[in-house]
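The values are calculated or read from the model by the stated rules, or taken from the named source; none is laboratory data. Note that the structure is a prediction, hence the values are computed from the model and not measured. Every residue, glycine among them, receives a Cβ derived from its backbone with ideal geometry; neighbour counts consider all protein chains shown. Ligands, DNA and RNA are excluded from the accessible area calculation, which covers all protein heavy atoms including side chains. Shrake-Rupley method; radii C 1.70, N 1.55, O 1.52, S 1.80 Å.
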Number of protein chains: 2
Amino acid sequence: MATEISGTKRPGGRTERTRLAALDATLALLGERGYAELTVEAVAERSGVHKTTLYRRWESAEGLVAAALLMGAEQEWAVPDTGSLEGDLRAVNLELVRYFTTPGERELPTASISAAFLSPRAAEALREFYVDRHARSAAAVTRAIERGEVPPGTDPVEAVRVACGPIFYRLFVSREGVTPADAGVAAAAAAAAAKAGVFTATNGGTASPPA
Amino acid sequence: MATEISGTKRPGGRTERTRLAALDATLALLGERGYAELTVEAVAERSGVHKTTLYRRWESAEGLVAAALLMGAEQEWAVPDTGSLEGDLRAVNLELVRYFTTPGERELPTASISAAFLSPRAAEALREFYVDRHARSAAAVTRAIERGEVPPGTDPVEAVRVACGPIFYRLFVSREGVTPADAGVAAAAAAAAAKAGVFTATNGGTASPPA
């Protein structure tokens, strides 16, 4: 869930440096202008990478945005380990609230979610990013099962969706804003539901493996 | 929550007919083209209302979209009464899943949520629409309190946010799609959390009145 998309140390030669320059510029422009105003020309100007190279490698502004969003899955990120499922989910939610509400920081993740409405490739990149984050977040539920906090068979991703769903709902659907206190309530709700067995396959939960 | 925005029987004279023609055309174009492509000219052509009238009354495409989205709050809608909180929330979630996934129907509500990323006035209209839907949905929790199903003091809107948050998260954040089964799991989670007392002010829930 925490969604620092840019900034990893990445080694590599000239091709890799070109890739990083182009995709970092794409993310910067996406945050500043949004998807609708993003052009290959602007990425060329910002990155110093020639337009011809950008078109050859990424085809279009849409291709650049999709590739840039997928960089997020290269990031190191692990779900916090606080000793309880509620604590872990609250920590993830607090990261989300901070990231999506801090001026100067919220623009990029917000533009990423917005871009997915306008571009199927951006939507697919976002989906892949969250598949990765779901897989990493599953550790919190695995630990809770081992501690006997929640029943075996609890679907880890359902718990994560219930914890962070209300945060995104407040931000982008009901548009009512979100606070750290809201992050705690949503995490407590997900943990209580998990403890009650709502996310086990035998109790109406999905039987799908964590993805 | 359920979000049939157009189609109520509305009486009225010529001014009212003009208003409905303009706003219905705005909604139709919003669903077909999305906010970024919507123009006052296109609304004039579709509605038969003169461009000058549209500019005088709504100023811009943004003004038309905001007014059109607020028509949703004029709609009659009540939260279903199934006899249990989980059943009521499941029924609302199933309406949402149907409305946001049925081709030919999902375009308008999806474009409304998308428009709010591009237009502050659309975002404010969406917020007002959900304030209204939250107030109507609160009845499900009030009934559950009266039945002794959930503790007195349960915040009705928190229960609604936890129930429908995962639906919107799947649709517009993780972009993984949503099924009627998912609607049931999220409703069960919200009901279990409400029963566990998570949404009472004394238990970390918000103390705010239903809004």
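The table for this structure:
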| read-out | value |
| --- | --- |
| A:Ala36 vs. criteria surrounded by 19 or more Cβ atoms within 10 Å (Cβ to Cβ), at pLDDT below 95 and aliphatic (A, V, I, L, M) | no |
| Breaking point among (1) more than 24 Å from A:Val173 (Cα to Cα); (2) surrounded by 17 or more Cβ atoms within 10 Å (Cβ to Cβ), for A:Ala91 | (1) |
| Tabulated pairs, segment B:16-32, first assigned by TED's automatic domain parsing to the domain that holds B:Lys51 and open to solvent by less than 40 Å² (accessible area, probe 1.4 Å), second among the basic types (Lys, Arg) and not in a helix (DSSP H, G or I), C-beta under 7 angstrom, 6+ apart or interchain | B:Leu20/B:Arg10 |
| Enumeration of residues in segment B:109-131 that are farther than 17 Å from B:Ile167 by Cα and touching a residue at least 60 places away in the same chain (Cβ under 8 Å) | B:Ala115, B:Leu118, B:Ser119, B:Ala122, B:Ala125, B:Phe129, B:Val131 |
| Filtered residues of segment B:171-189 (kept if within 16 Å of A:Ile167 (Cβ to Cβ) and more than 7 Å from chain A (Cβ to nearest Cβ)) | B:Leu171 |
| Residue in segment B:80-116 that is nearest to the other protein chains (Cβ to nearest Cβ), counting only those that are of a type in the set (S, T, N, Q) and touching a Gly at 6+ places or on another chain (Cβ under 9 Å) | B:Ser114 |
| Residue satisfying all of: in segment B:66-79; part of a helix (DSSP H, G or I) and away from chain A (no Cβ under 14 Å); farthest from the chain's Cα centre (by Cα) among these | B:Ala67 |
| Among the candidates B:Arg98, B:Arg170, B:Arg127, residue that is within 28 Å of A:Ser114 (Cβ to Cβ), more than 16 Å from the chain's Cα centre (by Cα) and not in a loop (DSSP other than H, G, I, E, B) | B:Arg170 |
| Filtered residues of segment A:137-170 (kept if closer than 21 Å to A:Tyr99 by Cα and more than 13 Å from chain B (Cβ to nearest Cβ)) | A:Ala138, A:Ala140 |
| First in segment A:53-72 and basic (Lys, Arg), second anywhere and at pLDDT 95 or above and open to solvent by less than 10 Å² (accessible area, probe 1.4 Å), Cβ under 8 Å, 6 or more apart | A:Arg57/A:Ala22 |
| Pair list, Cβ < 6 Å and 6+ apart or interchain, from segment A:178-195 residues that are in contact (Cβ under 8 Å) with a residue 40 or more places away in the chain to residues that are outside any helix (DSSP H, G or I) and hydroxyl-bearing (Ser, Thr, Tyr) | A:Ala194/A:Thr154 |
| Breaking point among (1) open to solvent by 10 Å² or more (accessible area, probe 1.4 Å); (2) in contact with a strand residue (DSSP E or B) (Cβ under 9 Å, 6 or more places away or on another chain), for B:Ala144 | (1) |
| Residue that is farthest from the chain's Cα centre (by Cα) [pool: residues in segment B:50-65 that are among the small types (Gly, Ala, Ser) and in a helix (DSSP H, G or I)] | B:Ala61 |
| Only listed residue being crowded, with 19+ Cβ neighbours inside 10 Å, modelled with pLDDT under 95 and assigned by TED's automatic domain parsing to the domain that holds B:Glu86, chosen from B:Ala188, B:Ala194, B:Ala111 | B:Ala111 |
| In segment A:65-88, the residues that are open to solvent by 50 Å² or more (accessible area, probe 1.4 Å), over 15 Å from A:Ala28 (Cα atoms) and at pLDDT below 95 | A:Glu74, A:Glu76, A:Ala78 |
